[in-house]
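Down below is the structure, laid out as structure tokens.
The values are calculated or read from the model by the stated rules, or taken from the named source; none is laboratory data. Being a predicted model, the structure only gives us computed values, none of them experimental. Because the Cβ atoms are built from the backbone with ideal geometry, glycine has one as well, and the counts that use them run over all protein chains shown. When the accessible area is computed, the model is the full protein with side chains, heavy atoms only, and any ligands, DNA or RNA have been set aside. Shrake-Rupley method; radii C 1.70, N 1.55, O 1.52, S 1.80 Å.
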Amino acid sequence: MQGVLAGFVTLGAIIALGFLLAQLGVLRVDSQLLLSRLVFFVATPALLFQTLSRAPVDQLFTSGLAVAALSFIGVAGIYVLLARTLWRRSTGDTVIGALASGYVNAANLGLPITVYVLGSATFIAPVLLMQLLVITPMAFAVLDAVVARRRPSLWGLISQPLRNPITVGSFLGLLCSLAGWQVPALVAAPIALIAGMTVPGVLLAYGVSLRLGPKPIAGGSIVELAVVSGLKLVAQPLLAYAVARWLFGLDGRALLAATVVAALPTAQNIFVYATRYHRSTTLARDSIFVTTALSVPVLLVITALLA
């Protein structure tokens, strides 16, 4: 499990650097917003294009994909029910809360953890593609409609992916993969450089928010944060285990993979999305903080029980 711990330490170090730079006054609130916009509009589309253009698309339609989809729908559905009936959250806030409850950190932590724990990154590919090509465009369609403050037309819904840089980068990358096109080196090289900004940019902006924003676990509803964290770290892996074992009959490494992937913490990208659309920013930030910290023992326990 040294690989798991090393992944968390690396992310924590960059977040701590962002916190320190904010403490020293090198980065300020406007710097956080600039980093978030740069990551959202430039770096993340480049990373997703680079990742998906090389993705093993032939391995997408597997039982792992179905397990990930059902576990996400389950926990997101629970959150939506509570948010709309109990907490009376707005549509935009509900979307961010649902993402925080079930959108796993497939890229930054999922890739290294599946390699170290399971011996292969192929287990994370279906989840990564599902989140990028299905969940994210659907969430953006709702959030864009909320920001526009009008009911989207049919053409608006159809054309929405073409107006969002993240979904454009994802679909272009998938198109290259499906067609078997190899991106020329003169194009791939600058894309790779820009894509390299994504993870450090997100983490630095997150560290600045921890220093200059409301204190962690003190700026929002403790009850809501506890529910989101419980859904992410307890309900989602349990649901994934049950679906994988009793619905699809998985066992051994496939069962371990489905459960481990579901137990990954909330993706840092949710904080970028929340900042971009000005919805539930504190909940997104705190859920990432809590689930990332608590996912270490959760992953260790799952691996010990199922490995």
Which net charge results for the neighbourhood of THR282, defined as the other residues with beta-carbon distances under 12 angstrom from its beta-carbon, given Lys and Arg at +1 and Asp and Glu at -1? 0
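Please report, as a whole percent, how much of the solvent-accessible surface of the stretch 26-103 comes from carbon and sulfur atoms (probe radius 1.4 Å).
67
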Could you run the Karplus curve 6.51 cos²θ - 1.76 cosθ + 1.60 with θ = phi - 60° over the stretch 205-211 and give me ³J(HN,Hα) per residue in whole Hz, x for Gly and Pro? 4, 5, x, 4, 5, 4, 8
Can you work out the Karplus-derived ³J(HN,Hα) for every residue in the stretch 136-146? Use 6.51 cos²θ - 1.76 cosθ + 1.60 with θ = phi - 60°, whole Hz, and x for glycine or proline. 4, x, 5, 5, 5, 4, 5, 5, 4, 5, 5
Estimated inter-spin distance, MET138 and ALA13, nm [label 7 Å along Cα→Cβ]: 3.8
From the backbone phi of the stretch 273-283, what are the Karplus-calculated ³J(HN,Hα) couplings (6.51 cos²θ - 1.76 cosθ + 1.60, θ = phi - 60°) in whole Hz, Gly and Pro given as x? 5, 4, 5, 4, 9, 6, 9, 6, 4, 5, 4
With no solvent and one equal point scatterer placed on each C-alpha of the stretch 201-280, evaluate the Debye formula and give log10 I(q)/I(0) for q = 0.14, 0.19, 0.23 Å⁻¹, two decimals. -0.62, -0.89, -1.07
What's the ranking of 197-208, 172-183, 238-249, 221-232 by average number of surrounding C-beta atoms within 10 Å, highest first? 197-208, 221-232, 238-249, 172-183
